Amino acid sequence: MATPRKPPQTTVLGKHTEWPQSPDKAVLDRVPNPHPDTHYAARFTAPEFTTLCPVTGQPDFAHLVIDYVPDRWLLESKSLKLYLASFRNHGAFHEDCTVGVGKRLALLLEPHYLRIGGYWYPRGGMPIDVFWQTGTCPKGVWLPDQGVAPYRGRG
């Protein structure tokens, strides 16, 4: 029988947590990777990411896909959910949001590899997709396509 593990020290997991008011105030947690000797990919998908246009204040919507190959740390999912929700009242351009999320996660996790795809719904009749990565995916890691179809209008 497996020995129960001591729960990791986290800020939000298992606790009542208020929604952060901005991305700068949001806390992201990481937990030890139980398999640091194995290269594998982990994926988080946020199909209902929202933020505000910094010029008009109107809402913008995106489908974010985050893939990473962890080293010593894993991303704790509740803290990610709260962090991403903190953008709802935050004004920033698509590129700033997508790249900013990727850089913050890379700084926290120090992964072997991380990529983020921001598939933004049209603004002004034009969809904007933003892609960022750090590192090189280790050889032999299965990294599937992000699975988000390109935007197609009625044309």
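What follows draws every value from the coordinates through simple rules; no lab data is involved. Remember, it's a predicted structure, so these values are computed and weren't measured experimentally. With ideal geometry, Cβ positions are generated from the backbone for all residues, glycine too; neighbour counts draw on all protein chains shown.
Quickly run through region 122-143 and pick out the residues that are surrounded by 14 or more Cβ atoms within 10 Å (Cβ to Cβ) and farther than 14 Å from ALA42 by Cα.
Hits for region 122-143 are ARG123, PRO127, ILE128, ASP129, VAL130, PHE131, TRP132, GLN133, THR134, GLY135.
Could you grab the pairs with beta carbons closer than 8 Å, sequence gap of 6+ or different chains, first residue in region 46-71 and touching a residue at least 60 places away in the same chain (Cβ under 8 Å), second one of a type in the set (S, T, N, Q) and in a strand (DSSP E or B)?
Once the first residue is touching a residue at least 60 places away in the same chain (Cβ under 8 Å) and sits in region 46-71, its partners that are of a type in the set (S, T, N, Q) and in a strand (DSSP E or B) give ASP60/THR50; ASP60/THR51; PHE61/THR50; HIS63/THR45; VAL65/THR45.
Restricting attention to region 88-102, which residues are over 12 Å from the mean Cα position of the chain (by Cα) and either crowded, with 17+ Cβ neighbours inside 10 Å or not basic (Lys, Arg) (or both)?
ASN89, HIS90, GLY91, ALA92, PHE93, HIS94, GLU95, ASP96
For region 121-155, how many residues meet the condition of being under 18 Å from HIS63 (Cα atoms) and either among the β-branched types (Val, Ile, Thr) or within 14 Å of the chain's Cα centre (by Cα) (or both)?
Result for region 121-155: 7.
What's the number of the condition TRP19 fails, among (1) within 16 Å of LEU105 (Cβ to Cβ); (2) aromatic (Phe, Trp, Tyr); (3) outside any strand (DSSP E or B)?
Here TRP19 clears every test but (1).
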